[in-house]
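Beneath this line is the structure, given in C-alpha cells, with notes to follow.
The values are calculated or read from the model by the stated rules, or taken from the named source; none is laboratory data. It should be emphasised that the depicted structure is a prediction, and the values quoted were computed from it without experimental measurement. Using ideal geometry, Cβ is built from the backbone for each residue, glycine included, and neighbour counts are taken over all protein chains shown.
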Amino acid sequence: MDLKAHLSQLEDLLIPHQKIWGQEIIHHFPNGLNDYPTAWLAEAQNLSHFDLWQLDCNEIPVNLGPQLQQMLLPLQNASQREIFQSADAHHFDPKLFFKVKEKKYHEVCTILNLLSKLQKHHHRRLVDIGSGQGHLTRICAEKLNLETHAIESNSEFIHLGRARLKKSPLKSPKASLKFHQQVFGDPNELATIITDQGEETILLGLHTCGPLAIDQLRASQQYPKLTNINIPCCYQRITDLSQCNLSGYVRLAWSSYALTLAARAHGQMSYSDFCHKERVKYYRYALHWFLLEFYQRSDFQSVGDSPQREYRAPFSHYVKNKLQYLNLAPTHEDQVDADKWYLSSPVQHMLQRLFIANIIRWRFGQALEQVLLLDRALWMQDKGLKVKIEKLFDSNISPRSHAITVLPR
Ligand SMILES: C[S@@+](CC[C@H](N)C(=O)[O-])C[C@H]1O[C@@H](n2cnc3c(N)ncnc32)[C@H](O)[C@@H]1O
C-alpha cells in the first residue's frame, strides 16, 4: 500500500473516535465516559483481570467481545509493521557494553546491522544527532571504520563522552570521533562537517525527541544525497502542532494528549507493573473526584509523582499528601472519611470504568504514531526523496521502535 493510502486508512479508523484519543478522560470527568460506546465498556468490564492486562499490553484477548474486536482488529492490522531482520549478528567486546541494559544492546546491534547493509553505498562519515554521551557513535566508528561526529546539546553528556574518549581512545586507526556541543536545528549548521552533497554521509538520530527528529529529516532536503536514518521519540515535546501535518495530507486534529499517547502507548508490561499502574490510576482518578466533590476544584490539578509505597498506603494518606502539595488546607478531613468514601461501591464502580476506559484509549496510540510517521515520510516523498518506514526494534525491548530512512536521491 502506498503511503497516502495507508495514511487515509488509518485516519478513517481514528477520526470517528477523536474525542477518545484527543483528550485525557479525567479532564472531562465524569462526562468523558460518555464518549466511549457503552458496549466497549461493558465488554471490557466482562474481562478477567488477566485479560485486561493482555488488552493493556496491546494484545487481543481471546475472550474479547465482538464490538471491541470490531474496532481493535482493523486498527491493529493497519498499525503493525514487520520487524527489520538483522541476520548478521554482530559480536562485541563485552567491555563496550559494561553496565549497558538489554534495551541499549538490542538497539546498537540492530543499528549496526542496518548500517552494515547500507555500507554498499561506501559511506565514510556518520553524524549522530542528539548523541547523548556518544556510546552508539563510538561503536559505529570502531565497527565500521568511520569518521564520526556526535552532536549533542547537553554539555554534561559532551564532557562525559570526551572524558571517556580520552581515557580509552578508539582502537581502529581508520576511525575517528569528534564531539560537537550544539543545539541542532538548522541543517546549514552541518556545513562544517558535510563538505559535499552528503553522498558519503549517514545522518543518524536514535531517539531524537520531539522537534529534533523533524529538524534531522529536514537535512535531507538540503543534502539530497545523504542517507538519513531517524528514530523519533517523545512526540509530546512538539509544541507547534502544525509540525504534525508537514505533508499537508493529515486530517486528524492533533492535541498534546494525543501526542503523549502516540509516544507512550506501546511497550509490554509485567503483570505486577500492570497492578501498580491500576493502583496509581485509581488513586489519581479518585483524587480528582475528591477535589471536585469536597473542594469544588473542577480544574485538572497536576499533583506530581509519588513513590510506589504511597499507593499501597490507605487512600486517606495519599489525599493528605496531595492536599499539602496543592496547598489546600485539609478542612474536610475531620468531616469526610476519605477511606470510607474511596471504598464505597459507587466510587469503586466509577473508578473501574475510568480505568477500563483508559485502557481502551491507549489502544489508539500505535495508530497515532503511524500517522505521525506517514506524515513525515510523505513530506519527504513530496520533496522528491526516496523514503521508507521500518520497524527496527522489538518493541517489547525498545518501545520507540520505528525508523524513517531517507535514501540518497
Ligand atoms: C532521548 S536522548 C537519546 C540519546 C542517544 N541518541 C541514545 O539513544 O541513547 C535525546 C538526546 O538528544 C539531545 N537533544 C535534544 N534536542 C537536541 C538538539 N536540538 N540538538 C542537539 N541535541 C539535542 C538530548 O540532550 C538527549 O541527549
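Being among the hydrophobic types (A, V, I, L, M, F, W, C) and under 15 Å from the mean Cα position of the chain (by Cα) is the filter here, so list the residues in segment 215-243 that pass it.
Ile231, Cys233, Cys234, Ile238
Looking at Gln221, Gln243 in this structure, which one is more than 26 Å from Leu114 (Cα to Cα), assigned to a helix (DSSP H, G or I) and not small (Gly, Ala, Ser)?
Among Gln221, Gln243, only Gln243 is more than 26 Å from Leu114 (Cα to Cα), assigned to a helix (DSSP H, G or I) and not small (Gly, Ala, Ser).
Report, by residue number, each residue of segment 249-266 that is surrounded by fewer than 22 Cβ atoms within 10 Å (Cβ to Cβ), part of a helix (DSSP H, G or I) and small (Gly, Ala, Ser).
Ser256
Would you please name the residue that is farthest from the ligand (Cβ to nearest atom), looking only at residues in segment 115-134 that are part of a helix (DSSP H, G or I) and not polar (S, T, N, Q)?
Filtering first and then ranking leaves Lys120.
Can you name every residue in segment 139-149 that is of a type outside the set (Asp, Glu) and over 25 Å from the mean Cα position of the chain (by Cα)?
Ala141, Lys143, Leu144, Asn145, Leu146, Thr148, His149
Test Arg162 against the criterion of being away from the ligand (no atom under 14 Å from the Cβ) and either at pLDDT 95 or above or not in a loop (DSSP other than H, G, I, E, B) (or both), and give yes or no.
Against the criterion (away from the ligand (no atom under 14 Å from the Cβ) and either at pLDDT 95 or above or not in a loop (DSSP other than H, G, I, E, B) (or both)), Arg162 qualifies.
Give, as residue ranges, the helices (runs of 4 or more DSSP H) completely inside segment 30-90 that count at least 3 residues that are of a type in the set (S, T, N, Q).
66-79
Of the residues that sit in segment 182-222 and are among the hydroxyl-bearing types (Ser, Thr, Tyr) and over 22 Å from Ile139 (Cβ atoms), which one is farthest from the ligand (Cβ to nearest atom)?
Thr195
Since Lys171 meets every condition but one in (1) more than 15 Å from the ligand (Cβ to nearest atom); (2) among the basic types (Lys, Arg); (3) over 15 Å from Gly198 (Cα atoms); (4) surrounded by 15 or more Cβ atoms within 10 Å (Cβ to Cβ), which condition does it not meet?
(4)
With the structure loaded, tell me whether Leu226 is of a type outside the set (S, T, N, Q), out of contact with any helix residue (DSSP H, G or I) (no Cβ under 6 Å at 6 or more places or on another chain), modelled with pLDDT of 90 or more and within 30 Å of Asn145 (Cα to Cα) or whether it fails that test.
Criteria not met by Leu226.
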